[in-house]
1. Tell me the carbon and sulfur percent of the accessible area for segment 171-241, rounded to whole percent, probe radius 1.4 Å.
2. Go ahead and run the numbers for FRET between LEU286 and ASP258, Cβ-Cβ distance against an R0 of 25 Å, rounding to 0.05.
3. When a/c is below 1.5 the answer is rounded, else prolate if a/b is larger than b/c, else oblate, so apply that to segment 149-244 with a ≥ b ≥ c taken from the square roots of the Cα gyration tensor eigenvalues.
4. Could you tell me the distance between the Cα centroids of segment 205-263 and segment 21-55, to the nearest Å?
5. From the protein chains alone at 1.4 Å, what is the descending order of accessible area for LYS116, LYS25, LYS36, largest first?
6. Would you kindly find the accessible area of ARG51, with a 1.4 Å probe and non-protein molecules such as ligands, DNA and RNA excluded, rounding to the nearest 10 Å²?
7. Might you work out the accessible area of ILE189 for me, using a 1.4 Å probe with all protein chains in place, and round it to the nearest 10 Å²?
8. Quick one: Kirkwood hydrodynamic radius for segment 124-194, alpha-carbon pairs, angstrom, one decimal?
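The values are calculated or read from the model by the stated rules, or taken from the named source; none is laboratory data. This structure is a prediction, so every number in the text was calculated from the model and none was measured. Positions of Cβ are backbone-derived with ideal geometry, glycine not excepted, and every protein chain shown enters the neighbour counts. The protein model used for the area step is the full one, side chains on, heavy atoms only, and it has no ligands, DNA or RNA in it. Shrake-Rupley method; radii C 1.70, N 1.55, O 1.52, S 1.80 Å.
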Amino acid sequence: MDRLEAMRMLLAVVDAGSISAGSRKLNTPLPSVSRKVAELERHLGANLIVRTSRNLQLTDAGRDYVAARKIMADLDEAERRASGEYQTPRGVLTITMPIEYGSRYVLPIALSFMDKYPEVSLNLLSLDRTVDLVSEQVDIAIRLGDLADSALHAVKIGEFRLLTCASPAYLKRHGMPERPGDLIDRDGIIFNKRTFFWTFDVDGTPMEAVPRNRLEVNTAANCVAAAVGGAGIARLFDYQIPDELASGALVPILRDFDGPPQPIHIVYARQGLLALKVRAFVDWALPRLRSQSVYEDNPILSR
């Protein structure tokens, strides 16, 4: 039995919360993951996990054994040293990024980075969730919004804003809202209720003002298309509509009641030596991402 491989699979299962989720994370067939965990339990002569219909729980022996996570981290570090990652940028660089922001802004920069550093291979994970860089063995994350306190190193690369916007044709037909309360007489395009709260800053006090729900969509692309088509007023992140803002196809409204901008960071772990592939990507991406603000040279949005 390959104990190191079995340990990695166990840690993936524990982090993912189930054997099936762990197999998806590892991109390994479910029977193979289940067999490896069972072999490890037989080798140790102890049950490490308890499988229930809803979740997975560690036994006392399992909790003691997963403390071996540091051994795996030290082994990965030793392998990176041996492969020369600290002498020249090389090896696999794993980056996680928000789906839409990543595809629009990060992916082109990542592709140019590959041309610059041919010995580095990229593993790009487009995920709209916060990834634990250490336990999930990710080198770099692009994160939107305020960061939780952590031991990770973060470099700010920009800001984004939630904008209320509509097409010129819609505003011509229905009039320009002057205050958030005016929205109750307007048509709304509702997208992602959990994220796009219709809350405004009125004299320092949060105020909710929601337009009539005439259209509900489940993708940003459909929300943008509907707003451009004059279906109603939408709330979208500025990085989702740079072309529409620049061309005037969408007009930002109620700017005096915008909430504060939110930060965008490059985040990476600082444990021991920093692999040159990580440093090289940060140095490559930082100025390029900073230069892509939708507020550059846009007097409508600059305030």
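1. Carbon-and-sulfur percentage of accessible area, whole number: 50.
2. Approximately 0.45, to the nearest 0.05.
3. In terms of gyration-tensor shape, prolate.
4. Result: 45 Å between the Cα centres.
5. Greatest to least solvent exposure: LYS116, LYS25, LYS36.
6. For ARG51, solvent-accessible area is about 120 Å².
7. Here the accessible area works out near 0 Å².
8. The answer is 16.5 Å.
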